[in-house]
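Reviewing the structure listed below.
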Amino acid sequence: MRRDIQRAPRPRHAAAVALLAAGIAWPGIAGAQVFGQLLDSEIPLTTQTGRNQGVLDRAKPELAPIGLPLGSFRIYPDVTGGVGITTNVVGATEDARSDTYAAISPQVAIQSDWGRHSLRGVVNYSGVRYRWTSPRDEDGFLAELSGRLDVVGDTQISGATSYRRTYESQQEANFPVNGAGSVAVDQARGMLRAAVVTNRLRWTFNGDFNSFRYNDTVSTTGARLNLSFRDRDVYRGTVRAEYQLSPDNSIFAQGTYRKTDYVTTNPLDDRTSDEWRGGVGAIADVTDLLRIAGGLGYFRRTYASPVFVPIGGLAIDLRADYYLSPITTISAVVSRQPEEAAIRGSPGYIATRGGIRVNHELLRSLVPYLGFDYFTGDFKIIDRNDRGVIATGGFEYTLNRRWVLSLDSTYSSRQSSGTQRGPGINEFRALTSMKFRI
């Protein structure tokens, strides 16, 4: 630890207000989980069919980057830099302390320019440096290669491999109770997917592997916290059968097997498990303006260690898009699924989330947004329940092909109850950034 986190000076409230008035916003680059969720859905659902287009999906060729030619590929380099502020830098329950930070994120993407098949590569670095709280500094990165082989008609084979370092949000239920530093997670991933289409029936077969390794962090007293007990490997296999009722509507059934293998040898931390999940769903136009996609199912997870009892229940993954007008899209999501626990004595918790987001094209180059999410975490075996809200707002202003100005702000609040409750955390965070691209 390069600086004493207990003695860092507190910026005055007036200074924080002045920063916001100057346009400093809340973290996109420095946000939780820099490159998305740790474990994405096995086969992602989409509501896009071409019949309706959301504000963020509409093509704007006059504002899109052109890139650089390289044979039958195009290279798209960009770099994003920003400054931000947080009102609770170490997630304190009491005596929260503000801090400011700078963020930088260069990226290079290469995309094939072929008529058939596709190959794409991305290399990204995401660095964050806090003024007073160096244990919260971040050095995230991503290296990913993905491709698609068009076999015949709509039958395709796709695959991806990646290695990344991302960071866990201090609002997450598993964040260390006395953690004062960032929690870095190294993830290696491999995926292979085949989609076979015969008339109106589409079969999708998916297999993937994810390895998670947690880096040590620092406690509020400056002691080193070893998080290696959370290291695990996850293997998943999924089959989905989807029947096309019409060009824009389909129903499907899906089954998934998941094996989670923990590296630890401590039986109190060994949550090695087998999980089966099955469900049905639909992708449908409810009206000319409303489109939904999602499924309902049941999961059952059993543990190798006798310390943990099996858990099971309803699994939900739903999304709805309401196209209020060509320039306004309202999206809502609801999910319920089991999550891995890092609290001793609990095998896991059931995470339930619901959210809504509004994107409005104020100008063709200016898209502001507002969002609100509510989440709960119901821990199994132990007496603990978490509740929280996340409110977001900001905009993206595309000045031209090369310059994009953005503002992202987030207010998050998590409260915990029960005899083994976690800390209650409130935080307001913002980031103003500028992207240069070619």
Conditions first: (1) open to solvent by less than 30 Å² (accessible area, probe 1.4 Å); (2) within 23 Å of the chain's Cα centre (by Cα); (3) over 29 Å from A59 (Cβ atoms); (4) of a type in the set (V, I, T). I316 passes all but one, so which condition is the exception?
(1)
From the residues in region 319-343 that are of a type in the set (D, E, K, R) and open to solvent by less than 20 Å² (accessible area, probe 1.4 Å), which one is farthest from the chain's Cα centre (by Cα)?
D321
Expected output for region 182-206 (first residue closer than 17 Å to R148 by Cβ and in contact (Cβ under 8 Å) with a residue 60 or more places away in the chain, partner among the charged types (D, E, K, R) and outside any strand (DSSP E or B), Cβ below 6 Å, 6+ apart or cross-chain) is N206/E42
Could you list, in sequence order, the residues of region 388-438 that are more than 30 Å from D95 (Cα to Cα), among the polar types (S, T, N, Q) and open to solvent by 40 Å² or more (accessible area, probe 1.4 Å)?
N400
Enumeration of residues in region 100-123 that are within 28 Å of G179 (Cβ to Cβ) and surrounded by 16 or more Cβ atoms within 10 Å (Cβ to Cβ):
T100, Y101, A102, A103, S105
In the set Q420, Q415, the lone residue that is assigned to a strand (DSSP E or B) and under 24 Å from E168 (Cβ atoms) is Q415
Looking only at region 344-358, and only at residues there that are open to solvent by 30 Å² or more (accessible area, probe 1.4 Å) and part of a strand (DSSP E or B), the one that is farthest from N174 (Cα to Cα):
V358
When you scan region 129-143, do you find a residue that is under 26 Å from R402 (Cβ atoms) and among the acidic types (D, E), even just one?
no
Flagged in region 368-381 as over 15 Å from G355 (Cα atoms) and open to solvent by 20 Å² or more (accessible area, probe 1.4 Å), in numbering order, are P368, D378, K380, I381
Hey, could you check region 52-99 for residues that are charged (D, E, K, R) and touching a strand residue (DSSP E or B) at 6+ places or on another chain (Cβ under 7 Å) and say which is most open to solvent (accessible area, probe 1.4 Å)?
R74
In region 303-343, residues that are out of contact with any Ser or Thr (no Cβ under 6 Å at 6 or more places or on another chain), farther than 30 Å from L289 by Cβ and assigned to a strand (DSSP E or B) total 6
Set R120, R129: member being part of a strand (DSSP E or B), under 30 Å from I390 (Cα atoms) and without any contact (Cβ under 8 Å) to a residue 40 or more places away in the chain
R129
Go through R232, R189 for me and flag whichever is open to solvent by 30 Å² or more (accessible area, probe 1.4 Å), closer than 30 Å to E138 by Cβ and under 23 Å from the mean Cα position of the chain (by Cα).
R189
If you scan region 249-273, which residues turn out to be farther than 21 Å from A194 by Cα, touching a residue at least 60 places away in the same chain (Cβ under 8 Å) and open to solvent by less than 40 Å² (accessible area, probe 1.4 Å)?
T260, D269, R271, S273
Quick check on my filter: what residues within region 133-166 are out of contact with any strand residue (DSSP E or B) (no Cβ under 7 Å at 6 or more places or on another chain) and open to solvent by less than 60 Å² (accessible area, probe 1.4 Å)?
S134
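The values are calculated or read from the model by the stated rules, or taken from the named source; none is laboratory data. Keep in mind that this is a model prediction, so the values were computed, not measured. So basically every Cβ, Gly included, is an ideal-geometry build from the backbone, and we count neighbours across all protein chains shown. Calculation scope for accessible area: heavy atoms of the full protein, side chains included, ligands and nucleic acids excluded. Shrake-Rupley method; radii C 1.70, N 1.55, O 1.52, S 1.80 Å.
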